[in-house]
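Please treat every number below as a calculation from the coordinates, not as lab data. Note that the structure is a prediction, hence the values are computed from the model and not measured. For neighbour counting, all protein chains shown are included, and Cβ atoms are generated from backbone atoms with ideal geometry for every residue, glycine included.
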Amino acid sequence: MKITQGQFSFLPELTDAEICKQIEYALQNGWALSVEYTDDPHPRNTYWSMWGNPMFDLRDPAGVMMEVSACRKEHAGAYIRVIAFDSKKGWESIRMSFIVNRPAEEPGFELVRSEGPGRVVHYTLRSYATSRPSGERYQPG
Amino acid sequence: MNKPLDAKIVDMKERYKSGVLKYRQMGYWEPDYEPKDTDVLAVFRISPQDGVDPEEAAAAVAGESSTATWTVVWTDRLTDSEYYRAKAYKIEPVPGIPGQWFAYIAYDLDLFEEGSIANLTASIIGNVFGFKPLKAMRLEDMRIPAHYLKTFQGPATGIVAERERMNCFGRPLLGATMKPKLGLSGRNYGRVVYEALKGGLDFTKDDENINSQPFMHWRDRYLYCMEAVNKAMAETGEIKGTYLNVTAATMEDMYERAEFARSLGSVIVMIDLVIGYTAIQSMAKWARRNDMILHLHRAGHSTYTRQKNHGVSFRVIAKWMRMAGVDHIHAGTVVGKLEGDPNVIRGVYDTCRENHVPKNLQHGIFFDQPWASLKKMMPVASGGIHAGQMHQLLHYLGEDVVLQFGGGTIGHPMGIQAGAIANRVALEVMVKARNEGRDIWNEGPQILSEAARWCQPLRAALDTWKDVTFDYASTDSVDFVPTPTPA
């Protein structure tokens, strides 16, 4: 299954030129870009690993693209997203978030149901990927 | 100039002789008054009866919405009545409408209980709206001082925390109201929720009149809906929610329903405006305590917001609801099936989302309104909108909004999931184009038809609804238009 987190998951995968234009938009707004990756895309896995700190002082989209490429090279089989942070008062959070890399096979999630009294069901989402230790997920074989 | 007979009477013995005085004579018309930063200000559109002059009408409004009664009472002299008296300090004719005036009135902060919409409104829209010397009156706008705002909780969650919880950034959220509004069984209802969320929406919604009827009782609905929400989350990897309407006959019933929704893991519950201001504030406090997003459906508001001569403008209701503490409020679509002049809607959206809203008569905003860091309230656009309008919706409403396509999702010829996909693709492609610097206002239809080449559901949506517009003149429009500047 294709997970559809982020701003553009319903579109064909963005080309590098298209990613660059989105980065430009963020920079024009004064937002700081950051690259993050994970092998556990559970929707409530908030903290993906940071590919370095947010690039507060980098104003050149090509520089951000270099970081995207470097992260892709190192973590080809991981989910990678680009995030834009807005530090302005009253927001002070994320303004953009979109996926720029995903594993070839996306195993998705199991919905675990635990039945209780009165027909109540408690639900747990489990990433199939996490059945293997971190670092060994999305590996062939 | 006032006739001397009608001027404020300063001789206390004269002033408090038993009998009836004009409101002006009692001191409710104070054209020299300079409003204090701490005053609550209100501007009313008044239509005095024939023979009632506008200053006296404005003074009467000030009087009847604060301390006055119809006759002189000596007990005024036991208090500092000058201080508690509301002051009508300005009147202006309504442009282009003879017989109507804007009356500006200042109220001292001490007239109101802290943190209580019920108390504020009991004065401002209390007895005064039935006052015989006026044919009609409408509360157009208010300035709530920061000092008073800070006694209110404000939105339980706010736009930023809602986005963080939903893990959704950089685009409007998508929703749909379940249809038909009434008659589905719990099992069938959950099916529609599942299909819409699985297809790509972030939220689905109970309609305002779905509570607990013979065809579907509330527990049944909540259980099936949460099955649908969790199943859709597992199949998309996204956080999803469904606004479970907890509106009921009593607070005890509403708390019971809200607690059950919480125990099932719902991220959002919903109430209707008709439950009343106090119940809304109670639910907002409950929502803050329980990390719950609180959606408000503005059921009933058009009975008093729509006609310009009488009632309360919706921008005031939006202001009160941000103070009362709801997170979502239906605030108009501009292009859909329900009332919505673009300028009026802009004023309402600013009231929901900005931390400072400057006076802007062309948007119906009569005062500078500071928001003192009260959280932002997410406007919801719902009612007769479809994917083909995406460029207009993004242009008019911006990014921090929930776009709700009920019929535009469920009525899709290829099914509900296809309807959701069409809306999500149209949205993402339009946000992407806007960010790339394209002129979406003019290129919008072309951007959509380009995407429809690879997205069949979007093609079908555009074909089905291509000619649907609701192009009627607005009833609630602004009174001030920009003065044309010579080229």
Distance violations [Cα-Cα > 19 Å] among B:Lys205/B:Lys231; A:Lys89/B:Lys432; B:Lys36/B:Lys359; A:Lys21/B:Lys432; A:Lys88/B:Lys359; B:Lys205/B:Lys466: A:Lys89/B:Lys432; A:Lys88/B:Lys359; B:Lys205/B:Lys466
Options B:Met178, B:Ala426, B:Val73, ranked by Cα towards positive dipole end of chain B, top entry (Cβ charges): B:Met178
DSSP beta bridge pairing in chain B, given as percent antiparallel to the nearest 5: 50 percent
FRET E, pair B:Gln446, B:Thr469, Förster distance 22 Å, beta-carbon r, rounded to 0.05: 0.75
Förster-model FRET efficiency, 25 Å R0, B:His356 and B:Leu109, C-beta, rounded to 0.05: 0.80
Within the protein assembly as shown, percent of DSSP bridges classed antiparallel, to nearest 5: 65 percent
Pairwise FRET efficiency - B:Asp32 versus A:Thr46, Cβ, R0 = 56 Å, nearest 0.05: 0.45
Top positive-direction residue, dipole computed over the protein assembly as shown with Cβ charges, set B:Ala103, A:Thr130, A:Pro61: A:Thr130
Assigned charges on the beta-carbon of Lys, Arg, Asp, Glu; the range B:226-318 dipole about Cα centre (debye): 540 debye
Which of B:Ile125, B:Ile144 has the fewest Cβ neighbours within 10 Å, and the rest in rising order: B:Ile125, B:Ile144
Filtered chymotrypsin sites (Phe, Trp or Tyr not before Pro), the range B:200-252: DSSP coil and at most 16 other beta carbons within 10 Å: B:Phe215
Candidates per trypsin sites (Lys or Arg not before Pro) in the range B:311-386, loop by DSSP, up to 15 other Cβ within 10 Å: B:Lys337, B:Lys359
Unit charges at the beta carbon, dipole of the range B:220-287: most positive-side option, B:Cys225, B:Ile271, B:Ala284: B:Ala284
Chain B - mean residue ellipticity at 222 nm from DSSP helices (-39,500 (n - 2.57) per run, n ≥ 4, rounded to 500): -11000 deg cm²/dmol
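For the range B:362-454, which chymotrypsin sites (Phe, Trp or Tyr not before Pro) are in a loop by DSSP, counting at most 12 other Cβ atoms within 10 Å?
Taking the range B:362-454 and a limit of 12 other Cβ atoms within 10 Å, the loop chymotrypsin sites (Phe, Trp or Tyr not before Pro) found are B:Trp454.
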Span per principal axis, largest first, for the Cα atoms of the range B:109-210 (Å): 55, 34, 21
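Percent relative contact order of the range A:16-101, based on C-alpha pairs within less than 8 angstrom and at least six residues apart?
32 percent
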Dipole moment magnitude, nearest 20 debye, chain B about Cα centre, only Lys, Arg, Asp, Glu C-beta charged: 760 debye
Along each principal axis, Cα extent of chain B, largest first, Å: 82, 62, 36
Cβ charges +1 (Lys, Arg) and -1 (Asp, Glu), total dipole of the range A:16-101, debye: 220 debye
Unit Cα scatterers, Debye sum, the range A:16-101: log10 I(q)/I(0) for q = 0.11, 0.15 Å⁻¹: -0.27, -0.51
